[in-house]
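*Asks:* I'd like to ask you about the structure that follows.
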Amino acid sequence: MFSLEQLVSFVAVAEELHYGRAAERLSMTQPPLSRRIQLLERELGAELFDRTHRTVRLTPAGRVFLAEARKILRSSHEATLYVRRVKKGEVGVVTLGFTATAAYSYLERVIAAANAEVPGVDLVLREMVTAAQVEELLAGGIDLGMIRPPVAGADIVTLPLWREPLLAALPSAHPLARRNKNPDVRDFDAEPFIMYSPSEGRYFHDLLVAVFRAARVSPEYTQYPCQVHTVLALVKAELGVALVPAAASTLRFEGVVLRPVDGVEGRPVELDLMWRRGNDNPALGALLTAIGNPPRRRQSTVE
């Protein structure tokens, strides 16, 4: 089997694509580094690099192995951090999953709360869509998730964390952007509209379908991206209008006007915390307290 030392050497060469620079980065000479890579390739039974006198390139097998090597090294690093914190009597490590849109809004508050209230907790942050977070949570890959509801599972506990309104995203030259009053959701009827993907962007897709159904509105869907920043980029390109969470206002896309939209009740965009019942990580409870976990919790239902 290969060693962590070999993996570190491989990742260094793969990132530098130069044996000399990789050796310097690892504070070693080039010949032993080359031998490590050769031994690793022998163990794997595959060449990881195409080498010439002038260039070093990853082979297809090398590109695949680079992703796996990084996972292994990350897991090793996280395990090392956890053991050291326990040995010192400190609280430990919490691996926190979050959606991209959570990073626009509530993630910084969680980080600030952790830094202020539980400085002994090391946060390992992993950006993932909600479905991937649920899989990782049940597999033990993350301790806590910031997800879009609902999720299901007997071992999953969720807690409402944040709600925000939807905003209309309009090209700056669009007639709705030039009016002195806020657009109404009914203004989107038959309007070219950037919709979210029904698979990768399922939460926002289903939310907007419900909003339009309630208003008896039928926009003309033109594109189906999955990320809010991509939606805004397509609005900027004048491929249609869109509805985005209020947190998207932090992205500040030039050429895109964000306006409150009438006809949509309340603050429909939800963000929940999620964790696994019976998680024995002592740092998790401390972090939940720091975030401001109230006694009332919402428990998911089993499908």
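The values are calculated or read from the model by the stated rules, or taken from the named source; none is laboratory data. Everything quoted here is computed from the prediction, not taken from an experiment. Note that we place each Cβ from the backbone using ideal geometry, even for glycine, and neighbour counts take in every protein chain shown.
*Asks:* So, in the range 170-197, how many residues would count as being loosely packed, with under 15 Cβ neighbours inside 10 Å, assigned to a helix (DSSP H, G or I) and of a type in the set (D, E, K, R)?
*Replies:* Total satisfying the criteria: 2.
*Asks:* Something else about it: Within the range 198-242, restricting attention to residues that are touching a residue at least 60 places away in the same chain (Cβ under 8 Å) and in contact with a helix residue (DSSP H, G or I) (Cβ under 7 Å, 6 or more places away or on another chain), which residue is surrounded by the fewest Cβ atoms within 10 Å (Cβ to Cβ)?
*Replies:* In this case the residue turns out to be 227.
*Asks:* I've got another one for you. If residue 224 satisfies every condition in (1) out of contact with any Ser or Thr (no Cβ under 6 Å at 6 or more places or on another chain); (2) aromatic (Phe, Trp, Tyr); (3) under 23 Å from residue 131 (Cβ atoms) but one, which is the exception?
*Replies:* The one condition residue 224 does not meet is (1).
*Asks:* Also, I was wondering about something else. Name the single residue that is surrounded by the most Cβ atoms within 10 Å (Cβ to Cβ) among those in the range 110-142 being in a helix (DSSP H, G or I) and of a type in the set (Asp, Glu).
*Replies:* The selected residue is 136.
*Asks:* Residues in the range 207-226: is at least one at pLDDT below 95, under 23 Å from the mean Cα position of the chain (by Cα) and on the phi < 0 side of the Ramachandran plot?
*Replies:* Looking through the range 207-226, at least one residue is at pLDDT below 95, under 23 Å from the mean Cα position of the chain (by Cα) and on the phi < 0 side of the Ramachandran plot.
*Asks:* Exactly one of these conditions fails for residue 24: (1) touching a helix residue (DSSP H, G or I) at 6+ places or on another chain (Cβ under 6 Å); (2) not in a loop (DSSP other than H, G, I, E, B). Give me its number.
*Replies:* Of everything listed in (1) touching a helix residue (DSSP H, G or I) at 6+ places or on another chain (Cβ under 6 Å); (2) not in a loop (DSSP other than H, G, I, E, B), residue 24 misses just condition (1).
*Asks:* Here's a follow-up. Regarding the range 66-84, can at least one residue be identified that is within 15 Å of the chain's Cα centre (by Cα) and among the β-branched types (Val, Ile, Thr)?
*Replies:* Taking every residue of the range 66-84 in turn, none turns out to be within 15 Å of the chain's Cα centre (by Cα) and among the β-branched types (Val, Ile, Thr).
*Asks:* Taking the residues in the range 255-277 that are of a type in the set (Asp, Glu) and within 20 Å of residue 100 (Cβ to Cβ) as candidates, determine which candidate is surrounded by the most Cβ atoms within 10 Å (Cβ to Cβ).
*Replies:* 272
*Asks:* Something else about it: Does residue 163 satisfy the condition of being in contact with an Asp or Glu (Cβ under 8 Å, 6 or more places away or on another chain) and within 19 Å of residue 276 (Cβ to Cβ)?
*Replies:* When the stated conditions are applied, residue 163 does not pass them.
*Asks:* Among the residues of the range 170-220, write down those that are hydrophobic (A, V, I, L, M, F, W, C) and more than 26 Å from residue 129 (Cα to Cα).
*Replies:* Once the filter is applied, which keeps residues that are hydrophobic (A, V, I, L, M, F, W, C) and more than 26 Å from residue 129 (Cα to Cα), the range 170-220 yields 173, 176, 177, 185, 188, 190, 214, 215, 217.
*Asks:* I've got another one for you. If the requirement is being part of a helix (DSSP H, G or I) and surrounded by 11 or more Cβ atoms within 10 Å (Cβ to Cβ), which of these qualifies: 57, 63?
*Replies:* Sole residue among the options that is part of a helix (DSSP H, G or I) and surrounded by 11 or more Cβ atoms within 10 Å (Cβ to Cβ): 63.
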